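The numbers here are math on the coordinates, done by the rules we state, and not lab data. These numbers were taken from a predicted model, which means no experiment stands behind them. Positions of Cβ are generated from backbone atoms using ideal geometry, with glycine treated the same way; all protein chains shown enter the neighbour counts.
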Amino acid sequence: MAADHQKKVAKLRDQIAELKQRLSDNATPPRPLGEAIRLAEEYVDSRAEDFRLDTTDLMYSGGLFRLPIHDARDLLEFMAWMDPEAMKKRFRDTLEAQYAEREGPVDTVDLRKQVEEWKRALFNLEVEEERTVLASEEAGSPVRRRNDADPEAVIAA
């Protein structure tokens, strides 16, 4: 009987940990895809505007010119200046793929509903966990409570 309680508590705690992780992962809902794409395109445009190519040597002495690339930011500015549409397309494609791979709802309203469902399910699991802990105590083989057990779930049990 003691082993049954321990197994059940272990299973419940795994489910609780999984739900807590989902809630943590979704604490901040993602912005809508269109807004993310717009921000990426604005970023590319601003990087392109920041790039300055010095063509003085080409204009006057016919010599080679040096690209003013000293760090990653300079490189991004140069790439955005050279082909902003290709860079925007890459951002768009990447964002669309990441949003498509995302588990669960992306829409803020749907995500809020899902988060509320997860919170209810978490509470119910924690109540069930506490009832199992109490049953194990009654059976003479107590199981330790989690330090982070929800006090409301403990009381509700």
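A few notes on this one:
- Reach of Lys8 by Cα under 13 Å, taken over aspartates and glutamates that are not fewer than 8 positions away in the same chain: Glu126, Glu128, Glu129, Glu130
- Relative contact order of the chain, pairs being alpha-carbon contacts under 8 Å that are 6 or more residues apart, as %: 33 percent
- Interatomic Cα distance distribution for the stretch 31-101, bins of 10 angstrom, percent: 20, 38, 26, 11, 5, 0
- Folded to 0 to 90 degrees: helix 33-50 orientation relative to the chain principal axis, Cα: 30 degrees
- In order through the stretch 80-92: 3J(HN,Hα) via Karplus (6.51 cos²θ - 1.76 cosθ + 1.60), integer Hz, x for Gly, Pro: 5, 5, 5, 8, x, 5, 5, 5, 4, 4, 4, 4, 4
- The aspartates and glutamates within cross-link reach of Lys113, meaning a Cα-to-Cα straight distance under 19 Å and a gap of 8 or more places when in the same chain, are Glu18, Asp25, Glu103.
- Two-site label geometry, Ser46 and Asp148: point separation in nm, points 7 Å out along Cα→Cβ: 3.5 nm
- Calculated on the alpha-carbon coordinates, the convex hull of the chain measures out at 158 cubic angstrom per residue.
- Between Glu138 and Lys11, the FRET efficiency from the beta-carbon distance, with R0 = 25 Å, is close to 0.80.
- Comparing Leu122, Leu67, Leu76 in a Gaussian network model of the chain, where Cα atoms under 10 Å apart are tied by springs, the biggest mean-square fluctuation is seen for Leu67.
- Potential lengthening between Met59 and Arg38 on full extension [0.36 nm per residue; Cα-Cα distance subtracted]: 3.9 nm
- Taking label points 7 Å from Cα along the Cα-to-Cβ direction, Phe123 and Arg102 give a separation of 2.6 nm.
- Distance between the modelled labels on Val109 and Leu75, one decimal in nanometres: 4.4 nm (7 Å Cα→Cβ projection).
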